[in-house]
Amino acid sequence: MDHDSLYPLPDVENSKKRAALAPEIIDTWRTFSRTVYQEGALSEKTKQLIAVAVAHVTQCPYCIRAHTRIAMRKGATKQEIMEAVWVAAEMRAGAGYSHSILAMDEMEKVESSAK
């Protein structure tokens with residue numbers, strides 16, 4: 001599959017253009033990002049596995065590719081990455097299911113008001 005035709009590849013030129021449009025903000029963002037992924041109570045590998053899972057929930061193709069690559073560089077196995085993806089899938093599906101209570105509540109309101 002040619003994914004390049006769907007999304008432009010990130011490159012240095014586009015990064016420079018974006019940074020030039022809001023230099024103070026991009027500097028702050030980069031510092032924040034570096035800080036978030038530093039070793040702390042969670043290992044860098046664990047943080048990257050979380051990022052892989054979140055990227056699947058937010059459906060960001062750039063994030064999926066970048067954090068998968070970084071997670072492997074930090075020692076994550078293919079199996080660990082796939083389990084993180086499955087956790088993301090379960091959370092997304094679980095949210096859909098749990099929010100069905102809102103639809104049920106609304107259906108009951110409509111039925112009550114029709115009486």
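No lab work stands behind these numbers, since they all come straight from the coordinates. All figures in this text were calculated on a predicted structure; none of them were measured in a lab. In this analysis, Cβ positions are derived from the backbone assuming ideal geometry, glycine residues included, and neighbour counts consider all displayed protein chains.
A few notes on this one:
- At 1.567 mPa s and 4 °C, Stokes diffusion of the chain via Kirkwood alpha-carbon radius, µm² per second: 75 µm²/s
- Take every pair of alpha-carbon atoms less than 8 Å apart whose residues are at least six positions apart; their mean separation over the length of segment 3-114 yields a relative contact order of 20 percent.
- Chymotrypsin sites (Phe, Trp or Tyr not before Pro) restricted to segment 1-103 and DSSP loop, no more than 11 other C-beta within 10 Å: none
- GluC sites (Glu not before Pro) lying in DSSP loop within segment 1-109, provided at most 14 other Cβ fall within 10 Å: E39
- Each of T68, T46, T31 was scored by other Cβ atoms within 10 Å of its Cβ. Listed from fewest to most, they are T31, T46, T68.
- Considering helices alone, the calculated mean residue ellipticity of the chain at 222 nm is -25000 deg cm²/dmol, with DSSP H runs of length four and up weighted by -39500 (n - 2.57) and normalised per residue.
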